[in-house]
């Protein structure tokens, strides 16, 4: 078995892979242009398992849109890639942090790996990989790998061999094993069905409705244009910085969903609810095995809000997921009432904070404290309601600054 690291910045010079060590069975490579590593990464992706945000499609779209200072860490066995991390290096004040590409847009994370090899991956291998990253990039202070799944379809997450803490946010999901009839059974299910019928009547009275799925490049742009507009309005109302506002983020999602159009099944898909000729709700989802994950969603701030178009669209999305034989509908990170109305599965994510330098130890310690405070606030309903209320009250006094995807 061999540990190897492929580290990549994005300077204008051409890629120049070159071995920097020649220990028996081990090679370390440094490349000048990370996009040249994508075919290598795709080779593992074609046979491996991973969460959507570590897939070759996601990584390629982020590299194209954001041109990050990127880092690929790879374990190879007899020349075959068997485990890979696609990371980007960002500044957090005086610190340099290696994190999953796309920041907080990457949720429920699990690195790319060959499933037949994972049972033989030891904690020591993972720790060696982290050390190799530090040697290849001595300017990086800490590995900050957030929102890690504890397991992927029963396979334990090997990155939890590194120092980690519980993430402040829960992820909520719906078990679809019994089919849609089971999902909407019982008193709460009866209320869901009745409300769905009432909503449909309201939409018919407003000019009719239809649920659509993006089938073309034009559809992708139309749905994403609507979604970005919806998010801008809703974040402003809530007093939250808009993590979808940056041009590179919007370009990333446009490429991600457009590139998925010719694939079957589509790994990334957009749905929308049109009422009276206008898009009132949009969701963007990813497919991971038998799990459909809602990566994002929003609704229009208009007269149809009272009829809960977002809830209506979720009802239809979950129903279709059942019809397709999927096992889980995953609402992803965030504990919200509209999710609780559906969900019967809670997942606690984890955050790896692995220092690589003395500065990194200082950063990791401060982030552990911050995470503990954040968890305390979010897990106390009274304090959390007060926090959100105070946040909304800042609107009109000072426009909320755009947050980075770290916040």
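The values are calculated or read from the model by the stated rules, or taken from the named source; none is laboratory data. The model shown is predicted, which means the values in this text are computed figures rather than measured ones. Cβ coordinates were reconstructed from backbone atoms using ideal geometry, including for glycine residues, and neighbour counts include every protein chain displayed.
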Legend entry - Meets criteria (farther than 26 Å from residue 184 by Cβ, part of a loop (DSSP other than H, G, I, E, B) and modelled with pLDDT of 95 or more) for residue 252: no
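I'd like the full set of residues that are assigned to a loop (DSSP other than H, G, I, E, B) and touching a helix residue (DSSP H, G or I) at 6+ places or on another chain (Cβ under 7 Å), limited to segment 283-307.
300, 301
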Scanning segment 301-325 for residues that are over 17 Å from residue 194 (Cα atoms) and either in the same structural domain as residue 148 (by TED's automatic domain parsing) or surrounded by fewer than 18 Cβ atoms within 10 Å (Cβ to Cβ) (or both) gives 301, 302, 303, 305, 320, 323, 324, 325
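Working carefully through the options 270, 263, 292, find the one that is without any contact (Cβ under 8 Å) to a residue 60 or more places away in the chain and surrounded by fewer than 21 Cβ atoms within 10 Å (Cβ to Cβ).
Working: 270 fails: surrounded by fewer than 21 Cβ atoms within 10 Å (Cβ to Cβ); 292 fails: surrounded by fewer than 21 Cβ atoms within 10 Å (Cβ to Cβ).
The unique qualifying residue is 263.
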If we ask which residues in segment 155-164 are assigned to a helix (DSSP H, G or I) and in contact (Cβ under 8 Å) with a residue 40 or more places away in the chain, their number turns out to be 3
Within segment 184-206, residues touching a strand residue (DSSP E or B) at 6+ places or on another chain (Cβ under 7 Å) and not in a helix (DSSP H, G or I) come out as 206
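Here's the yes/no breakdown for (1) at pLDDT 85 or above; (2) farther than 30 Å from residue 186 by Cβ; (3) loosely packed, with under 12 Cβ neighbours inside 10 Å:
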residue: 335; (1), (2), (3): yes, no, no
residue: 338; (1), (2), (3): yes, no, no
residue: 368; (1), (2), (3): no, yes, no
residue: 386; (1), (2), (3): no, yes, no
residue: 389; (1), (2), (3): no, yes, yes
residue: 398; (1), (2), (3): no, yes, yes
Checklist line | Test: residue in segment 233-244 that is within 30 Å of residue 177 (Cβ to Cβ) and either in contact with a helix residue (DSSP H, G or I) (Cβ under 9 Å, 6 or more places away or on another chain) or not assigned by TED's automatic domain parsing to the domain that holds residue 46 (or both) | finding: no
Inset, instruction - Report yes if residue 235 is in a helix (DSSP H, G or I) and either touching a residue at least 60 places away in the same chain (Cβ under 8 Å) or on the phi > 0 side of the Ramachandran plot (or both), otherwise no. - result: yes
Okay, strands (runs of 3 or more DSSP E) sitting entirely in segment 31-146 with 2 or more residues that are modelled with pLDDT under 95 and out of contact with any helix residue (DSSP H, G or I) (no Cβ under 6 Å at 6 or more places or on another chain), I get 69-77, 80-92
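Could you tell me how many of the residues in segment 126-154 are crowded, with 18+ Cβ neighbours inside 10 Å, within 25 Å of residue 96 (Cβ to Cβ) and in contact (Cβ under 8 Å) with a residue 40 or more places away in the chain? If you could, list the steps in order and put the result at the bottom.
Step one: of segment 126-154, the residues crowded, with 18+ Cβ neighbours inside 10 Å are 126, 129-130, 132-134, 136-137, 140-149, 152.
Restricting the remaining residues to those that are within 25 Å of residue 96 (Cβ to Cβ) gives 126, 129-130, 132-134, 136-137, 140-148.
If we keep only those that are in contact (Cβ under 8 Å) with a residue 40 or more places away in the chain too, we end up with 129-130, 132-134, 136-137, 140-148.
The total comes to 16.
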Scanning segment 342-365 for residues that are loosely packed, with under 13 Cβ neighbours inside 10 Å and out of contact with any strand residue (DSSP E or B) (no Cβ under 7 Å at 6 or more places or on another chain), the one modelled with the highest pLDDT turns out to be 358
By residue number, the members of segment 200-249 that are crowded, with 19+ Cβ neighbours inside 10 Å and closer than 18 Å to residue 311 by Cβ are 203, 209, 226, 227, 230, 231
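For (1) surrounded by fewer than 23 Cβ atoms within 10 Å (Cβ to Cβ); (2) closer than 18 Å to residue 364 by Cβ, each residue gets a yes or a no:
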position: 66; (1), (2): yes, no
position: 69; (1), (2): yes, no
position: 83; (1), (2): no, no
position: 91; (1), (2): yes, yes
position: 96; (1), (2): yes, yes
position: 102; (1), (2): no, no
